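Enquirer: One structure, pasted below without further comment.
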Amino acid sequence: MKSKMLKILLSVTIALTLWLYVISVERTETVQNFRNVPVILDGESVLEDRGLKIVSDTDLTVDLELTGNRSELNKLRSSDIVVIVDLTRIYEAGEKELEYSVTLPGTIEVVSREPQTINIEVARWVTQEVPVQLEQVGSLPDNYIVDQQNVTLDRQFITLSGPQSVVENIAMAKVTVDMTGRTESVEERVSVTLCDENSVPLDVSSVTVDTDKVLVKIPVLMVKDIQLQVSVISGGGLTAQDVTVTLDKTEITVSGSPAVISKLEDVLVLGTIDLSQELEGFTDRTYQVELPAGVKNLSGIEEVQVSLEMPEREIQSFDLSMEDMLDRVELQNVPDGVPVRVRENQQLTVWIRGQAKDLEKVMITDFRIVVDLTGATQTGMYEAQILVENVSGVGVVSDPDDPYEILVQIGESGQTTPAS
């Protein structure tokens, strides 16, 4: 019994000792330091509504020296400490020195703080558009040019936001493309550089843009000089060497894609002068300059005036009777299985040109008539080509609007007869 009472007395003594320790130690006031406690900036949305924005570092912290009983301080974490700066009292841009509040749990109090105040920089925040300007540097190879009229940017303006003091100095968003040695068109997304009115790049690290690249398309064209000519067909007693053809414009400069221009000939034939259809020379006959699709005429010459000088020659008429000419008429491409013949009771007046001494030599037996009956199905007048053979320097001339024709009978009685 006595042993049991001693054990009880010992237990009470130990418990009392522990209780006295807690009372004397855990509730003892002490001091503890908390470093790098985050600062909450309250009211940033209010600043933005006022056209203001913090442009200094917003990752702010403070160091606090706190006092309280040992038990509470041992349980305290930095996340339990609320440090707040009220931004709603700011109405103007500039350097601001602001007090901050510290909220602590329980009976813990602040002994000291570092720094005493929070310093921030507030700027007037603006948004504006600036034009995009393209700068081309470098030179293309010879015979290549930029089609400046068709240079395009997918953006004419970009929108930027930032401190008013910075934004107000930005005059343009410049995109630069190096064209050195290029022989093909450019299609690239090019980075923008914000510059002042003198095209000098600015330090705009505090500025944001709605895009940092612009799609640039620069057509590169090949250039070529082309000679202009009119071809001459000998006939009517004259050769191309007998006449003089003069053009008031003899060359044009064209441009287009390299694939198109590289296929162009060096000479462009504007038209043809058939001497058998020219009774006399002419001046200022207009010929149009026609170019293939995709080729641009840089010279702007759309028509050329052509003159023709001919040597003096005499013109003489001959009346050709078909009855006398039957053996000198050649019918070509006659329909198969269909009777075809030249009507004998007709006469054709033909004009020939040449020097008088040569014209005197021409006889009716020197003429030959060629008629092409391709596709012919019925009796009718068909164009005839009249040739003078055996006498040099003499040829037939004709009016292109009134060609020579003879009557050809197709079928037994001249009725419409389908070709076989």
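Enquirer: Dividing the alpha-carbon radius of gyration of segment 40-145 by 2.2 N^0.38 Å (N being the number of residues), what value is obtained?
Expert: Scaled against compact globular proteins, the figure is 1.88.
Enquirer: Right, something else. Kindly write out, for segment 305-322 in residue order, the coupling ³J(HN,Hα) from the Karplus curve 6.51 cos²θ - 1.76 cosθ + 1.60 (θ = phi - 60°), rounded to whole Hz, with x marking Gly and Pro.
Expert: Going residue by residue, I get 8, 10, 10, 10, 10, 10, x, 5, 9, 9, 10, 9, 9, 10, 9, 9, 8, 5 Hz, with x marking Gly and Pro.
Enquirer: Now a separate question. Express in nm, to one decimal, how much length is gained between Thr58 and Thr365 on full extension, taking 0.36 nm for each residue of separation and deducting their alpha carbon distance.
Expert: Using 0.36 nm per residue and subtracting the Cα-Cα distance, I get 99.2 nm.
Enquirer: Compute a Gaussian network model of the chain, connecting alpha carbons closer than 10 Å, and tell me which residue from Met172, Met222, Met381 fluctuates the most.
Expert: Highest fluctuation among the options: Met381.
Enquirer: Which whole-percent values make up P(r) of the chain when all C-alpha to C-alpha distances are grouped in 10 Å steps starting at zero?
Expert: In order of increasing distance, the bins hold 4, 12, 11, 10, 9, 8, 7, 7, 6, 5, 5, 5, 4, 3, 2, 1, 1, 0 percent.
Enquirer: Which aspartates and glutamates does Lys361 reach when only Cα atoms under 12 Å apart count, and residues fewer than 8 places away in its own chain are ignored?
Expert: Glu389
Enquirer: Check which residues have an amide H placed less than 5 Å from Thr30's amide H, if you skip close sequence neighbours.
Expert: Result for Thr30 returns Gly68, Asn69, Arg70.
Enquirer: Rounded, prolate or oblate: which fits segment 252-409 when a ≥ b ≥ c are the square roots of the eigenvalues of the alpha-carbon gyration tensor, with rounded for a/c under 1.5 and prolate only if a/b beats b/c?
Expert: Oblate, since a/c reaches 1.5 and b/c is not below a/b.
Enquirer: Output ³J(HN,Hα) for segment 352-363: one whole-Hz value per residue in order, computed from phi by the Karplus curve 6.51 cos²θ - 1.76 cosθ + 1.60 with θ = phi - 60°, and x for Gly and Pro.
Expert: 10, 10, x, 6, 4, 5, 7, 4, 5, 7, 6, 10
Enquirer: Any chance you could run the full-extension gain for Ser234 through Val126? It's 0.36 nm times the residue separation minus the Cα-Cα distance, nm to one decimal. Spell out each step's value before the answer.
Expert: Details: separation 108, 0.36 × 108 = 38.88 nm, distance 7.98 nm.
This chain segment gains 30.9 nm when fully extended.
Enquirer: If you don't mind, there's one more thing I want to ask. With a sphere of radius 11 Å drawn around the Cβ of Gln288, what net charge do the other residues whose Cβ falls strictly inside it have (Lys, Arg +1; Asp, Glu -1)?
Expert: After counting each charged neighbour, the total is -3.
Enquirer: GluC sites (Glu not before Pro) within segment 294-349: which are DSSP loop residues with at most 15 other Cβ atoms inside 10 Å?
Expert: Working: sites: Glu302, Glu303, Glu309, Glu312, Glu314, Glu323, Glu330, Glu344; in loops: Glu302, Glu312, Glu344.
Hits after loop and neighbour filter: Glu302, Glu312, Glu344.
Enquirer: Right, another one. Which value results for Rg/Rh of segment 211-253 when Rg is the Cα radius of gyration and Rh the Kirkwood radius based on the inverse mean 1/r? Mind showing how you got there, number by number?
Expert: Working: Rg = 22.5 Å, Rh = 15.1 Å.
Radius of gyration over Kirkwood radius for segment 211-253 works out to 1.49.
Enquirer: If you don't mind, another one. Using 0.36 nm per residue of separation minus the Cα-Cα distance, give me the extension gain between Glu44 and Thr30 in nm, one decimal.
Expert: The span from Glu44 to Thr30 would gain 1.4 nm if fully extended.
Enquirer: Working from Cα positions, state the angle (0 to 90°, nearest 10) between the long axis of helix 2-25 and the longest principal axis of the chain.
Expert: 60 degrees
Enquirer: Please state the equivalent ellipsoid semi-axes for segment 118-247: what are the square roots of 5 times the Cα gyration tensor eigenvalues, largest first, in whole Å?
Expert: 57, 12, 11
Enquirer: With N residues in segment 223-309, what two-decimal value do you get for its Cα radius of gyration over 2.2 N^0.38 Å?
Expert: Normalised Rg, Cα atoms only: 1.21.
Enquirer: Could you put Phe34, Phe367 in order, starting from the residue whose Cβ has the fewest other Cβ atoms within 10 Å?
Expert: Values: Phe34 18, Phe367 22.
Starting with the residue having the fewest Cβ neighbours, the order is Phe34, Phe367.
Enquirer: Moving to a separate point now. HN-Hα J couplings of segment 127-144 from phi, Karplus 6.51/-1.76/1.60, θ = phi - 60°, integer Hz, Gly and Pro as x?
Expert: 10, 8, 9, 10, x, 8, 10, 8, 10, 9, 10, x, 10, 7, x, 4, 6, 10
Enquirer: On a straight-distance basis, which aspartates and glutamates could pair with Lys53 in a cross-link, Cα separation under 20 angstrom, same-chain partners fewer than 8 positions away excluded?
Expert: Asp42, Glu44, Asp86, Glu92, Glu95, Glu97, Glu99, Glu121, Glu129, Glu168, Asp203, Asp210
Enquirer: Show me the three semi-axes of the equivalent ellipsoid for segment 177-216, from the C-alpha gyration tensor (sqrt of 5 times each eigenvalue), largest first, rounded to whole Å.
Expert: 25, 14, 6
Enquirer: Could you list, bin by bin from short to long, the percent of Cα-Cα pairs of segment 317-420 in 5 Å steps?
Expert: 2, 12, 23, 21, 17, 11, 7, 4, 2, 0
Rule-based calculations on the coordinates, nothing more; no lab input. Remember, predicted model here, so these are calculated numbers, not experimental data. Counting neighbours? That spans all protein chains shown, and the Cβs are built from the backbone with ideal geometry, glycine included.
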